[in-house]
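Please treat every number below as a calculation from the coordinates, not as lab data. All figures in this text were calculated on a predicted structure; none of them were measured in a lab. Positions of Cβ are generated from backbone atoms using ideal geometry, with glycine treated the same way; all protein chains shown enter the neighbour counts.
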Amino acid sequence: MKKAALKHFLTVLAVTFAAFIMAVNYKTFVSTGGLYPGGASGMTILILRLFKSAFGLDVPFTVVNVALNAIPVYIGFKFIGRNFTLYSCLMIILTSLFTDLIPEYAVTEDILLISVFGGIINGAAISICLNVGATSGGTDFISIFLSEKRGMDSFNLILGFNAFILCIAGIIFGWDKALYSIIFQFASTMILRMLYKKFRQSTLFIVTVKPAEVCDAIYDVSTHGATILEGEGSFGHCERNVVYSVVSAAQSKKVIKAVNEVDPAAFINEVKTAKILGNFFQPKEH
């Protein structure tokens, strides 16, 4: 009970921190550069600027952002997971409130620096959410849903969704901001790929004299199975077994540690997996 309460507290703390960082990024880099971060937040900023330029109205960020996230939140509750969606709702609301409360501040006027560092900060904030079981909302819900159901690369989906927003922004407000926003999105996506590994896989080749124990260790940590191959050492011409398994990249360090505990003399080769076909167990969000 105490462990669950501590986990809940740490998750709320991480989400709150991520929301604050994202809001600060919006009111500094994004606002100064006139960029569009993509997703529901990018669409919100686009709508706010449309209202400002067309009618001279300053519409609250919270109102528009929460409204645009209504359908993605429904998808989250129905198909992804209750706790995951609740934490994501907290992220959406806090980000919106912080964005309305924090004043604008120009860190730099250099549009290239804004695009690169703004994207890095944006990707880091989203990664914090994803790693504690939440998301920043909007297209992230849809991308995670399609990733779990279809096995697609969620980051490529996010980039595709955001391209639509950038095209609209380019047509209405000029292509220079839209093009710099692509740099922003690219930097953000690269940070996401580096910091969030759930939908990436690693292939492990393990040369061992304890194949059964190694397979059990892999399953205990990752719930993934393994295949035992018979082999022969080329130097000593002695029998060796090779355990072959594909695990989530996020779990690979724990799996390797467990294997080393079972067989400290095991030779392990970890290879990045480009694509897998067939059944691959992917734990669901809760």
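Worth pointing out:
- Among (1) within 20 Å of THR139 (Cα to Cα); (2) touching a residue at least 40 places away in the same chain (Cβ under 8 Å) - the single one PRO60 does not satisfy: (1)
- Qualifying residue in the range 200-213 (condition: surrounded by fewer than 21 Cβ atoms within 10 Å (Cβ to Cβ), of a type in the set (Asp, Glu) and part of a strand (DSSP E or B)): no
- Residues being hydroxyl-bearing (Ser, Thr, Tyr), farther than 15 Å from PRO37 by Cα and either in contact (Cβ under 8 Å) with a residue 60 or more places away in the chain or touching a Gly at 6+ places or on another chain (Cβ under 6 Å) (or both) - total across the range 158-212: 3
- Flag for ALA18 being crowded, with 21+ Cβ neighbours inside 10 Å and either touching a Leu at 6+ places or on another chain (Cβ under 8 Å) or β-branched (Val, Ile, Thr) (or both): no
- The test for being over 23 Å from GLY118 (Cα atoms) and of a type outside the set (A, V, I, L, M, F, W, C) does not hold for GLY34.
- Residues being closer than 22 Å to LEU46 by Cβ, surrounded by 18 or more Cβ atoms within 10 Å (Cβ to Cβ) and not β-branched (Val, Ile, Thr) - total across the range 57-88: 6
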